[in-house]
1. Using the scaling law 2.2 N^0.38 Å as the reference, what is the normalised Cα Rg of segment 113-164?
2. Counting only heavy atoms of protein chains, what accessible area per residue, in Å², does segment 144-200 have with a probe of 1.4 Å?
3. Based on Cβ point charges of +1 for Lys and Arg and -1 for Asp and Glu, what charge dipole magnitude is obtained for the chain about its Cα centre, in debye rounded to the nearest 20?
4. Please name whichever of TRP131, ILE150, THR116 sits farthest to the positive end of the charge dipole of segment 90-193, dipole taken about the Cα centre and charges placed at Cβ: Lys and Arg +1, Asp and Glu -1.
5. Taking the alpha-carbon set of segment 143-225, what are its Rg and Dmax in Å?
6. Looking only at Cβ-Cβ distances, which cysteines of the chain have no other cysteine closer than 4.7 Å?
7. So what's Rg/Rh here for segment 216-349, counting alpha carbon atoms and using the Kirkwood radius for Rh?
8. Among the trypsin sites (Lys or Arg not before Pro) within segment 77-141, which fall in a DSSP loop and have no more than 15 other Cβ atoms within 10 Å of their own Cβ?
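The values are calculated or read from the model by the stated rules, or taken from the named source; none is laboratory data. The structure displayed is predicted, hence computed values, not measured ones. We place every Cβ from the backbone using ideal geometry, glycine too, and count neighbours over all the protein chains shown. Ligands, DNA and RNA are excluded from the accessible area calculation, which covers all protein heavy atoms including side chains. Shrake-Rupley method; radii C 1.70, N 1.55, O 1.52, S 1.80 Å.
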Amino acid sequence: MTTHTPDTQTYDVEAVNAAGRRQPLYAPRKKIFPKRASGRFRKFKWLVMLITLTIYYVTPWLRWDRGPFAPDQAVLVDLANRRFYFFFIEIWPQEFYYVAGMLVMAGIGLFLVTSTVGRAWCGYACPQTVWVDLFLAVERFIEGDRNARIKLDAGKWTADKLMKRTAKHATWLVIGILTGGAWIFYFADAPTLLADVVTLQAPLVAYATIALLTATTYTFGGLLREQVCTYMCPWPRIQGAMLDEHSLTVTYNDWRGEPRSRHAKRAAAEGKPVGDCVDCNACVVVCPMGIDIRDGQQLECITCALCIDACDDVMTRLGKEQGLISYATLSDYNRNMALATGSGKVVQPSRVRNPVTGKLVDAIKRTNWRSVIHPRTIVYLVGWIAIGLAMVTALALRTPLSLNVLHDRNPLYVELRDGSVRNGYDVKVLNMAPEMREVELRLDGLPGSTISLVDGGSETAGSLTFTLEPDKVLPVRLYVRVGPESLPASQMPFQIVVSDEAAGITRSVESTFEVPEKRK
């Protein structure tokens with residue numbers, strides 16, 4: 001029920017997840033019907049949702065020309081060939097440290113955001129939040145805003161209710177299918193895979209993935225919603241260790257709002273102390289988590305700031321300053337609370353408002369960007385930048401030609417009839433560029449040596465020439481032989497070198513030449 005007064009309206013709503021009335025762990029879920037919110041934070045959430053969903057659904061269809069010998073999909077996880085393409089970057093399996101670096105950057109970035117602006121990730125960019133917002137938008141469009149949805153949910157099953165519920169759940173399923181479909185396009189050429197999916201020629205794993213992600217998106221975004229954040233996600237518990245007195249969180253400024261009253265004018269006329277909160281429950285009715293922010297910081301709060309929008313709207317209509325609920329740090333809150341209470345424990349509105357102008361006194365500490373700058377955020381930021389610079393440097397210095405060498409373990413050497421000694425090596429030459437490449441393979445630091453291919457007969461030479469296919473690995477089995485007149489007295493290190501003279505690229509790997517024990 002909603003009641004109206006000349007200045008504002010009061011909502012008959014109770015926080016589902018109230019701090020002082022925790023539900024038993026296995027209690028039946030109380031469905032939450034959040035009211036449509038409007039304001040700057042709601043607009044920002046719409047913007048973030050638009051950007052994130054666009055990135056997710058559109059990215060597989062972006063093209064990037066890498067030449068005729070490489071895929072032209074901008075972002076592609078090529079599991080068959082063990083490659084990861086990201087625009088101009090191509091990552092091979094042995095370069096997994098780039099992926100590890102990105103994951104570390106993501107983790108540190110999450111720590112940085114949390115320690116600075118609280119659970120902003122949860123409130124704005126988490127996939128669960130984004131898809132729940134999308135599903136709620138569909139629900140409101142089909143069934144109406146909060147009161148209409150409550151009435152529909154409590155009403156009997158009629159043709160109208162059946163039609164609306166069918167339309168809503170069908171739309172949710174379509175969104176789930178599109179979500180699963182978009183995911184599989186990251187692992188194969190999107191246009192080709194789409195044609196295969198439509199014509200039922202795609203691999204079974206593609207259909208299984210679509211079905212799984214459809215089910216999870218529909219269940220988490222449409223049915224479970226806030227329960228995923230409260231009971232399934234570990235982040236609400238982890239983030240508590242990352243917050244400190246300088247972290248921004250959505251805060252009810254009770255130093256200004258208390259004592260609250262729904263009849264503020266009457267109470268003021270009677271000489272009673274009155275705060276700015278009119279107990280209208282506007283902050284509760286818009287909360288997608290079903291909490292009352294006035295109960296203080298709570299596990300369920302995702303800091304989406306919709307309660308700020310709702311409260312600011314009420315304050316504006318009452319002719320009061322916005323910010324009764326605001327982003328604030330605990331340090332600033334405690335300072336203002338000490339000002340409002342003085343030496344006691346009860347909030348005294350006269351201490352925070354000028355009795356003549358009715359405005360908040362200048363001594364009130366207002367949170368700004370300087371409030372969140374502290375040593376921990378600086379350490380996180382420096383670490384995040386350092387890892388990013390290290391990865392950029394490694395990418396800038398990487399060469400598109402790589403060489404791996406493995407000496408035979410058994411036998412280490414073979415003595416030939418003419419007294420010479422032969423060692424065997426497995427060599428892999430990696431052409432990490434989407435173009436043909438002519439390379440020369442030779443030995444350095446091993447006098448009197450010759451090399452030959454295991455499958456190339458008995459001919460030996462001082463160097464070998466190979467043609468490398470684009471974006472391929474060339475495995476080569478080599479014999480290195482040293483005649484009796486040049487045999488070293490003991491194990492001898494030397495270099496196996498591969499070079500592309502045209503590109504001016506040379507790579508080398510140190511190995512050893514083994515000789516019989518009697519020479520050691």
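1. On the way: Rg = 16.0 Å, N = 52, 2.2 N^0.38 = 9.9 Å.
Here the Cα radius of gyration is 1.62 times the empirical estimate.
2. Numbers: 3230 Å² over 57 residues.
With the other protein chains kept in place, segment 144-200 gives 57 Å² per residue.
3. Numbers: 59 positive and 51 negative charges, 621 e Å.
Rounded to the nearest 20 debye, it is 2980 debye.
4. ILE150
5. 16.7, 48
6. Taking the Cβ cut-off of 4.7 Å, the unpaired cysteines of the chain are CYS122, CYS126, CYS229, CYS233, CYS277, CYS280, CYS287, CYS301, CYS304, CYS311.
7. On the way: Rg = 16.8 Å, Rh = 16.3 Å.
We get a ratio of 1.03 for segment 216-349.
8. Numbers: sites: ARG82, ARG83, ARG119, ARG140; in loops: ARG82, ARG119.
Answer in residue order: ARG82.
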